[in-house]
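Some notes on the structure that comes next.
The values are calculated or read from the model by the stated rules, or taken from the named source; none is laboratory data. A quick note: this is a predicted structure, and the numbers were derived from the prediction, not measured. Cβ sites come from the backbone with ideal geometry, for glycine too, and all protein chains shown count toward neighbours.
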Ligand SMILES: [Zn+2]
């Protein structure tokens, strides 16, 4: 028969271990962690939207530079051709040809001007959109940071409690007989963390099943006493 004191100490140890387990579980499932994940995702999504639009802005800038470059070349050519036209001394056929050329260049220049203006409009709209997204992104990043520090605070509070409980545990564990402690440690992971339970009025504190008088007698004869149903260590109180 196990030393009763040892079994009672084991129950104390179980209480401390259950409390540690509860805190560790709480640490990993704080509701604020979900808020943080949501904020983090929003911040990341905004960052990628900004980068996608910045890429488009760069493309528009390039297209605008190209349109302006081509327009300048056409304008220079137009000036040259107009001067030739005004200088005269050309055959009727050459004049006709040059006049067509000049008209074509005028139309093309005007079309490119429209194109460049269209690109400037697109660019301005995109710029406004990017600035709005950047403001949202800053707000999201701030929220993320605030939540992060709230989580850190919550975690240190829990960690402090856990380390106090571990100290308490270190004080109790040596009071339990080594073999009993070893058995407790071995079965605890397979019993949802609860390996030592009280037997109250014949009811197992672990599986909550009743032990008949005969089962109770049989269980209490063993060393250590164990529930005939769930095999947890029984410590009567
Ligand atoms: Zn049981």
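Scanning the stretch 208-233 for residues that are part of a loop (DSSP other than H, G, I, E, B), touching a strand residue (DSSP E or B) at 6+ places or on another chain (Cβ under 9 Å) and within 10 Å of the ligand (Cβ to nearest atom) yields 209, 211, 227, 228, 229, 230, 232.
Do we have residue 180 as surrounded by 16 or more Cβ atoms within 10 Å (Cβ to Cβ), more than 25 Å from residue 25 (Cα to Cα) and within 16 Å of the ligand (Cβ to nearest atom) here? Step through it out loud before you land on a result.
On the way: surrounded by 16 or more Cβ atoms within 10 Å (Cβ to Cβ): yes; more than 25 Å from residue 25 (Cα to Cα): yes; within 16 Å of the ligand (Cβ to nearest atom): no.
Here the answer is no, as residue 180 does not meet what is asked.
Which residues, taken from the stretch 184-207, are surrounded by 11 or more Cβ atoms within 10 Å (Cβ to Cβ), in a helix (DSSP H, G or I) and within 15 Å of the ligand (Cβ to nearest atom)? Passing the criteria: 184, 187, 188.
Look at residue 165 and say whether it is part of a helix (DSSP H, G or I), farther than 13 Å from residue 11 by Cα and over 45 Å from the mean Cα position of the chain (by Cα). Taking the combined requirement at face value, the residue does not satisfy it. With the structure loaded, tell me whether residue 146 is loosely packed, with under 15 Cβ neighbours inside 10 Å, away from the ligand (no atom under 16 Å from the Cβ), under 24 Å from residue 24 (Cα atoms) and modelled with pLDDT of 95 or more or whether it fails that test. Spelling it out, residue 146 is indeed loosely packed, with under 15 Cβ neighbours inside 10 Å, away from the ligand (no atom under 16 Å from the Cβ), under 24 Å from residue 24 (Cα atoms) and modelled with pLDDT of 95 or more.
Of all the listed residues (85, 175, 90, 117), the sole one being surrounded by fewer than 16 Cβ atoms within 10 Å (Cβ to Cβ) and within 30 Å of residue 17 (Cβ to Cβ) is 175.
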